[in-house]
Amino acid sequence: MKWALALACILPTFGYAQQNYTLQGTVGKLDKPAKAYLRLNYDGKERIDSVDIKNGKFEFKGSIPSPMEAHLRIIHDNAPFDPAKPPKQDILPFLIESATIKFVAADSIKHAKISGSPLNAENEQINARLKPIYDQYEVLNNEYKSKSLADQQDPKYIKTLEDRANAIQQQTIDAKLDYVAKNPKSYMALMAFNSTLPPEFDALKAEKIFATLDPSLQNSILGKDLAKRIALIKKTSEGVEAQEFTQPDVDGKPVKLSDYRGKYVLIDFWASWCAPCRRENPNLVKSYAKYQKQGFEILGVSMDKAADKAKWLKAIQDDGLTWKQVGDLKGWENEAGVMYDVKAIPMNFLVDPNGKIIAKYLRGEELDKKLAEIFAK
């Protein structure tokens, strides 16, 4: 799927006035019982409309609050569904806007040519610019397939692949940001910018780029949502003061983050059911044993639910976690987790003696390296 469309699926709406659209399609000589389906998803609701295809033609009319991603799907016949022989999916993702958009295909909607839509034309132009960069991934993939099994399993070779893939990813990001800089009034630029931001990103840098966008984009629904996301990440950026929270420990006694002032403390979000968390625990145990006497502490925050309290307590014992463990047992709604925007675990934040975040997402050897650097001083 095109990068712009993939982004629109996450943040589908913009802050514009209600817009009317007309979709006119021609798909070969399809006729009844073939049907066309239009799927939209916004305001937290999925909307599906359908029409019969007559003499290869169909048409949809309606209104949307803003440009967004949409999907056209063609069902070619009314044969009963056979799980042993599921039909091929004939789906076309596209960007819908206030326009008369035409789709012409010889046999399948997924191969349709789109016309009459400035937004989709712009999307095609951007993807044409990015294609030479994306093609480099295929080169890497073909190179990997050509290697012997021994080479494919060689850690040094895998590292070179990862390094080159990361370089390609950076080229992609640079190309998108260049587009943003040259098109500050285009909502496609807003979409491109948002697509460069992973779950964890440099909020201060993102804030500066966001400020260069046209005010109309900043005040759109997408823009406001992005502004909130940046502000949330900014609260947990390195250099800012860690947000205070209080959670009950395994005995129900309240524990505050500020109780650890004067020490380096790792706020570790985890859960008993989280396999990656459990695999990471031995690394935490080693680091804790090595640096605890020098002023290092860990505060474990459970993302378990109340129904899993016994499993949480057992995991603490089984994994040998001797540091303080807290949790309000609300699962993903854990108040501290929400405060720190924890969307995946394991996740951690290293806080210095003054209460400021100095690092985050330290896993494996990275935590030990950071602590060695700190206590060497």
Cα pair distances in the range 23-95, grouped into 10 Å bins until the bin that holds the longest one, percent each: 17, 48, 28, 7, 0
With a 1.4 Å probe and all protein chains left in place, how much accessible area per residue does the range 71-169 have, in Å²? 65 Å²
Magnitude of the Cβ-charge dipole (Lys and Arg +1, Asp and Glu -1) of the chain about the Cα centre, nearest 20 debye, reported as 260 debye
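If you take all C-alpha pairs in the chain, what percent of them are over 28 Å apart? Provide the component values of the computation, followed by the final result.
Working: 43296 of 70876 pairs.
The proportion of pairs with Cα distances above 28 Å equals 61 percent.
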Applied in sequence order to the range 338-347, the curve 6.51 cos²θ - 1.76 cosθ + 1.60 (Karplus, θ = phi - 60°) yields integer Hz couplings, x standing for Gly and Pro, of 5, 4, 9, 6, 7, 10, 8, 10, x, 9
Calculate the length of the line joining the C-alpha centroid of the range 359-377 to that of the range 194-208, in whole Å. 24 Å
FRET efficiency for Asn141 and Gln171, Cβ-Cβ distance as r, R0 = 22 Å, nearest 0.05? 0.85
Rule-of-thumb Rg ratio for the range 257-377 [Cα; 2.2 N^0.38 Å; N residues]: 1.00
Long-range amide H contacts for Val326: which residues qualify at under 5 Å (H placed 1.01 Å from N, peptide plane, sequence gap of 5 or more or a different chain)? Gly300, Val301, Ser302
Give me the percent of the accessible area of the chain that comes from carbon and sulfur atoms, probe 1.4 Å, all protein chains in place. 53 percent
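Which whole-number percent gives the relative contact order of the range 269-377, counting Cα pairs below 8 Å spaced six or more residues apart?
Numbers: 127 pairs, mean separation 33.4, N = 109.
Computed over the range 269-377, the figure is 31 percent.
Which semi-axes, in whole Å and largest first, does the equivalent ellipsoid of the range 161-293 have when worked out from the alpha carbon gyration tensor as the square roots of 5 times its eigenvalues? Mind showing how you got there, number by number?
On the way: eigenvalues 280, 87, 36 Å².
The three semi-axes for the range 161-293 are 37, 21, 13 Å.
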To the nearest 0.05, how large is the calculated FRET efficiency for Phe201 and Lys159 if R₀ is 25 Å and r is the Cβ-Cβ distance? 0.55
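The values are calculated or read from the model by the stated rules, or taken from the named source; none is laboratory data. Please read these numbers as outputs of a predicted model, since none were measured by experiment. With ideal geometry, Cβ positions are generated from the backbone for all residues, glycine too; neighbour counts draw on all protein chains shown. Remember, those area values only see protein heavy atoms, side chains included, never the ligands or the DNA or RNA. Shrake-Rupley method; radii C 1.70, N 1.55, O 1.52, S 1.80 Å.
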